[in-house]
1. Taking N as the number of residues in the range 113-251, what is its Cα Rg relative to 2.2 N^0.38 Å?
2. Which label belongs to the value computed from this structure, given these candidates for mean projected area of the Cα convex hull in nm²: [x] 22.3; [y] 17.4; [z] 21.4?
3. Using Cα pairs closer than 8 Å and at least 6 residues apart in sequence, work out the relative contact order for the range 153-228, in percent.
4. What does the net charge come to around Gly310 if you take all other residues with beta carbon closer than 12 Å to its beta carbon, with K and R at +1 and D and E at -1?
5. Of Ala217, Gly262, Gly240, which is farthest towards the positive pole of the range 207-319's charge dipole, taken about the Cα centre with +1 and -1 on the beta-carbons of Lys, Arg and Asp, Glu respectively?
6. How far, in nm, would the chain grow between Glu190 and Asp231 when pulled straight, counting 0.36 nm per residue and subtracting the alpha carbon separation?
7. Please report Rg over Rh for the range 109-167, where both radii come from the alpha carbon positions and Rh follows the Kirkwood definition.
8. Can you tell me which of 126-135, 261-270 comes out highest on packing, and rank the rest after it, using the mean Cβ neighbours within 10 Å?
Amino acid sequence: MGVEPEHGMRNVLRASRLTSIELCAGAGGLALGLEQAGFDPVLLLDNRDVACETLRANRRGWNVLHKDLLRFEPRFDLPGHCEIDLLAAGLPRVKSAATASRPRGSSWELELFETTARLTVELRPRALLIENVPDLLKRDEYASSRTRVAKHLEDAGYEYCWLLVDACDFGVPQHREYAVMVALRDGGTEAFTANLRPIPPAPGLTVGAVLRGSMGARGWSQASDWAAKADGISPTIVGGSWDRGGGDLGPQGSVRAWAKYGVNGRALADDVPAAEFVWDPSMGVDHMLKLTVDQVAALQGFPPYWTFEGRKTARYRQVGNATPPPFAHALGLAVRSALSTR
């Protein structure tokens, strides 16, 4: 799904690979996009067994550490000692005050955010990249945490910036907004923002176009009719809580948005439609489509060869909480451009 770099850029990426460490790596969406942008991970850390299994299954050469970020100790956990070009973190999503179970503005997610800033000061990478939901930047209850992170970085001599961006502007067939923080040890954030260029929309970047082939894989005769109806991008795919059973495509608003495409957003399918399936949403949910985990992964921009370990719900959680690789690729190229100016 990602856009291939121009021929000259491909040569540059082959000639000058950079190093990275990734925190809260999950299923590898951020790592895959950064790899395509020329970053090779020295270490990928995650606290979930199944996510570590997914990373190892897809890249046997990656150094994957199963450990809680709050217990990460670089002097013991990092192999050797070398300069790190990029510290990247796809941190767990902060929660709004309405849904958080802890006091206002205080949460485990914010602790991870501030820990990442402290690790940046300790490790001194040339660049830091953090992505999260827009609320982290926009909501007042997170202001004190943002201020503490800024102070850590400023005291260490880093220049930083925040951006609000949507993954659909970078080759992902999905409306998915992010708050992105980038900090550069030697300055140059203006070069990063200048090089994070949206990709012109592709005619085939719709739910129907992306999933048409898989929908017809078992001979379902209505695949083309359905694809013509699903002629827009998807709503935000929500992975949901690891503490809640079952898998669905998101809250009520997302379910309504999926229903416009004739998709039942309250459940996932084990397989694509059989040849005899009758698609007729007017007949109720039993005659609406359900997406498979692999189809959701395609809408996240994962390539077909990327596999996810675990049972269906665990696989879906990994996919839904991942950073779309094409978006990560664009972020990585922009970071490389900023570093190359210094």
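Read-outs throughout are calculated quantities, based only on the coordinates presented, and are distinct from any laboratory measurement. Quick caveat, the model's predicted, so the values are computed rather than measured. Cβ coordinates were reconstructed from backbone atoms using ideal geometry, including for glycine residues, and neighbour counts include every protein chain displayed.
1. On the way: Rg = 19.8 Å, N = 139, 2.2 N^0.38 = 14.3 Å.
Against the empirical 2.2 N^0.38 Å value, I get 1.38 for the range 113-251.
2. Among [x] 22.3; [y] 17.4; [z] 21.4, the one derived from this structure is [y].
3. Values: 83 pairs, mean separation 19.6, N = 76.
Answer for the range 153-228 is 26 percent.
4. Numbers: positive: Arg48, Arg311, Lys312, Arg315, Arg317; negative: Asp49, Glu53, Glu309.
Net local charge, Gly310 excluded: +2.
5. Of Ala217, Gly262, Gly240, it is Gly240.
6. Details: separation 41, 0.36 × 41 = 14.76 nm, distance 3.60 nm.
Working it through step by step, the gained length comes to 11.2 nm.
7. On the way: Rg = 11.4 Å, Rh = 12.1 Å.
Here the Rg-to-Rh quotient is 0.94.
8. Values: 126-135: 22.1, 261-270: 18.7.
Going by the mean number of other Cβ atoms within 10 Å, highest first, we get 126-135, 261-270.
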